Structure formats: C-alpha cells, structure tokens
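Below: one structure, written as structure tokens.
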C-alpha cells in the first residue's frame with residue numbers, strides 16, 4: 001500500500017491536473033500522480049486540503065483518513081465504491097449472538113497469543129547480546145503463553161457476550177508474560193516496565209501506541225473493502241468509542257507488524273530513542289521514524305498460503321475470509337498465524 005501521510009503543521013494538499021501537490025508556505029514539497037497513491041492520511045492539526053484535491057482522491061478511489069495529533073484515526077472520506085454488503089453486515093450482527101461469532105472471537109485470541117509467543121521465540125534465538133538468563137526467561141514466557149492456548153479450547157458459548165469475559169481474561173494473563181519478556185529486550189534507560197495504553201510517558205509505549213494507530217488505519221480500510229461493519233466486533237463489545245471489528249482483526253497482527261518494528265528501532269537507536277520524545281509525545285521526527293518503519297513493514301512480503309503477500313494484502317485477505325465465513329461461503333475461519 002502506497003501511503004501519502006501529511007502531518008507537518010502548515011502543509012497544504014492541492015491538485016494539479018491528475019496529480020496531488022503538497023505545499024508549505026507556497027513552497028512545493030512534492031507532486032505525485034494520483035494513480036501512485038493508495039491512501040492519504042491527513043493530520044487535523046494544522047494541515048489543510050482543497051476540494052479539488054479531495055475530488056481527485058475520490059475519482060481515483062483513494063481513501064482519505066483524518067488523524068489526531070497522535071496518529072489515531074478520527075474519520076475517513078471514502079468514495080461510494082466502498083459500500084457495505086447488506087447481507088454480510090446483517091450476518092455480522094447476527095453472529096454476535098451465535099456460535100459463529102464465538103468461534104471467530106476465539107480464533108482471533110488464539111492467533112494473537114500464538115503470534116506473540118512466536119515473536120518471543122524468534123527474538124530469544126536472534127537478539128544480539130542476550131544473556132543465557134534472559135534467553136531462558138524469554139523461552140519460559142513463551143511456554144507459559146502457549147499453555148493459555150489450551151485453555152481456549154475449553155471455552156464454549158452461544159453468544160459473544162457469554163464468552164467475552166473469559167476470552168479477555170485469558171488474553172490479559174498471556175499478555176502479562178509477553179510484555180514482561182518484551183521489557184527484557186529494551187534498555188533500562190528507556191524505562192519500559194509494562195504496557196501502558198493511555199497516559200504513556202516512556203518512548204517505547206508511546207511508539208507502540210502510534211504504531212498501533214497506523215495499523216488500525218490499514219485494518220479499518222480492509223474491513224470496509226470486505227463489506228464488513230467496522231463497529232460490530234465479536235471479541236470487543238459494541239461501543240461508540242471503539243470500532244470493535246477493527247480492534248478484533250488487529251489482534252493477530254500487532255506482534256508481527258508493530259511490536260517487531262518497534263523492537264527493531266530499539267535495537268538500532270537504543271538510548272537515542274529518548275530524543276524523539278517531548279512532553280510524553282513523539283516529536284515530528286519521532287512520528288516520521290515510526291510511520292516510515294511501520295508502513296515499510298506493512299509492505300513487506302511474506303509467504304502465506306503458498307503465495308508471497310504483503311502484510312497489507314494478508315490483512316485484507318483475512319477481512320474477506322471473515323466476510324465469507326459470515327456469509328456461509330466458508331465452513332470455518334482460520335486466523336493468521338505468523339511463522340516468523
């Protein structure tokens with residue numbers, strides 16, 4: 001996916017023929033053919049766009065995502081070609097109160113824990129200058145996480161509401177082992193002690209949060225392309241504050257896409273990462289660093305189902321597979337399991 005992200009305060013998105021033009025203080029920064037863009041991301045803080053540019057994006061079926069200062073998606077401008085499939089969405093709502101939704105929720109939790117465990121396993125074998133004690137601790141955490149996968153098999157229920165608390169509990173307990181192992185791979189000076197979602201002030205957590213916001217955008221668009229409703233989840237309860245289906249489908253992809261990317265930046269920059277944090281927020285340079293790394297990871301190709309696909313392609317593939325399962329065109333949903 002070719003993403004045009006504009007976050008610089010005072011930047012302007014315009015049009016020249018069939019090209020998108022980016023300017024700042026009347027200086028042209030870039031001029032890109034609309035056909036070379038798959039997604040436009042605009043920060044609502046100090047960035048403006050002309051109606052001509054928006055029209056050009058709609059003409060070329062380019063979604064425009066509006067984000068807040070932390071990169072979290074606030075809304076999206078879509079052409080009418082991104083329409084929901086009525087029957088699929090109807091089945092999606094019905095599945096929330098049926099075993100079909102329960103099985104999809106279980107599959108997504110299984111994949112999340114399995115992929116986290118796989119990342120720890122890969123890092124225990126490849127991380128440079130890892131002591132034998134730390135390596136043993138990582139493998140111990142991985143084994144503990146795999147034990148929780150067995151507990152998922154015992155969960156039964158007729159609706160998502162009935163099993164949600166049990167699934168969330170297993171996911172949370174496995175996550176404690178995961179983040180403890182994760183912390184062993186970060187330098188002490190970065191002060192990453194635990195996972196903090198809101199109010200984080202250490203650079204690793206702030207980078208993780210920003211990376212997840214970028215992943216959420218990719219997942220959201222894939223869900224729309226598949227005809228699903230972003231708000232009607234199976235694992236995550238319906239909420240006006242949180243698009244449940246987006247958070248559902250994100251779960252298996254957090255570790256292999258965002259977590260691995262941030263740990264790679266940690267290994268490259270180490271203590272120098274602190275310079276990208278100011279007042280508990282990423283600096284413009286820090287946002288660019290994370291955005292470029294995560295987007296590049298989304299473009300990486302891996303072997304999946306006998307084919308080489310980008311992570312973005314795989315996310316869309318799994319959104320469509322969920323839609324097919326809901327439409328009874330697949331006997332079951334098999335989640336994404338990362339091989340490392």
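The values are calculated or read from the model by the stated rules, or taken from the named source; none is laboratory data. Keep in mind it's a predicted model, so treat the numbers as computed, not measured. FYI the Cβ positions are ideal-geometry reconstructions off the backbone, even for glycines, and counts take in every protein chain you see.
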Study note, to complete from the structure: Within segment 155-179, the residues that are assigned to a helix (DSSP H, G or I), surrounded by fewer than 17 Cβ atoms within 10 Å (Cβ to Cβ) and in contact (Cβ under 8 Å) with a residue 40 or more places away in the chain are 161, 162, 168
**Study point:** Unique match (being modelled with pLDDT of 90 or more, touching a helix residue (DSSP H, G or I) at 6+ places or on another chain (Cβ under 9 Å) and either farther than 26 Å from residue 230 by Cβ or crowded, with 19+ Cβ neighbours inside 10 Å (or both)) among 29, 42, 108
**Key:** 108
Review point. Just a yes or no: is a residue in segment 196-205 under 24 Å from residue 264 (Cα atoms), out of contact with any helix residue (DSSP H, G or I) (no Cβ under 7 Å at 6 or more places or on another chain) and not in a loop (DSSP other than H, G, I, E, B)?
Key: yes
Practice item. Take residue 149 and decide whether it is touching a residue at least 24 places away in the same chain (Cβ under 8 Å), assigned to a helix (DSSP H, G or I) and in the same structural domain as residue 282 (by TED's automatic domain parsing). Key: yes
Exercise for review: Could you identify the single residue in 25, 41 that is at positive phi and either under 27 Å from the mean Cα position of the chain (by Cα) or not assigned by TED's automatic domain parsing to the domain that holds residue 320 (or both)?
Suggested key: 25
Review point. Somewhere in segment 54-69, is a residue over 25 Å from residue 213 (Cβ atoms) and free of Cβ contacts under 8 Å to residues at least 12 places away in the same chain?
Key: no
Point to revise | Among residues of segment 5-19, those that are touching a residue at least 40 places away in the same chain (Cβ under 8 Å), more than 21 Å from residue 72 (Cβ to Cβ) and in contact with a strand residue (DSSP E or B) (Cβ under 6 Å, 6 or more places away or on another chain), counted | key: 0
Check your understanding: Yes or no: residue 97 at pLDDT 90 or above, assigned by TED's automatic domain parsing to the domain that holds residue 281 and loosely packed, with under 15 Cβ neighbours inside 10 Å?
Key -> yes
Study note, to complete from the structure: Scanning segment 223-261 for residues that are within 17 Å of residue 67 (Cα to Cα) and within 11 Å of the chain's Cα centre (by Cα), the one surrounded by the most Cβ atoms within 10 Å (Cβ to Cβ) turns out to be 246
Practice item. Could you figure out which of (1) modelled with pLDDT of 90 or more; (2) over 22 Å from residue 293 (Cα atoms); (3) surrounded by 13 or more Cβ atoms within 10 Å (Cβ to Cβ) isn't true of residue 78? Key: (1)
Review point. Given the conditions (1) touching a residue at least 60 places away in the same chain (Cβ under 8 Å); (2) outside any helix (DSSP H, G or I), and given that residue 224 satisfies all but one, which numbered condition is not satisfied?
Key: (2)
Point to revise | Odd one out for residue 212, checked against (1) closer than 29 Å to residue 339 by Cβ; (2) assigned to a helix (DSSP H, G or I); (3) touching a residue at least 60 places away in the same chain (Cβ under 8 Å) | key: (3)
Review point. Just for segment 292-309: of the residues that are touching a strand residue (DSSP E or B) at 6+ places or on another chain (Cβ under 6 Å) and in a strand (DSSP E or B), which one is farthest from residue 334 (Cα to Cα)?
Key: 301
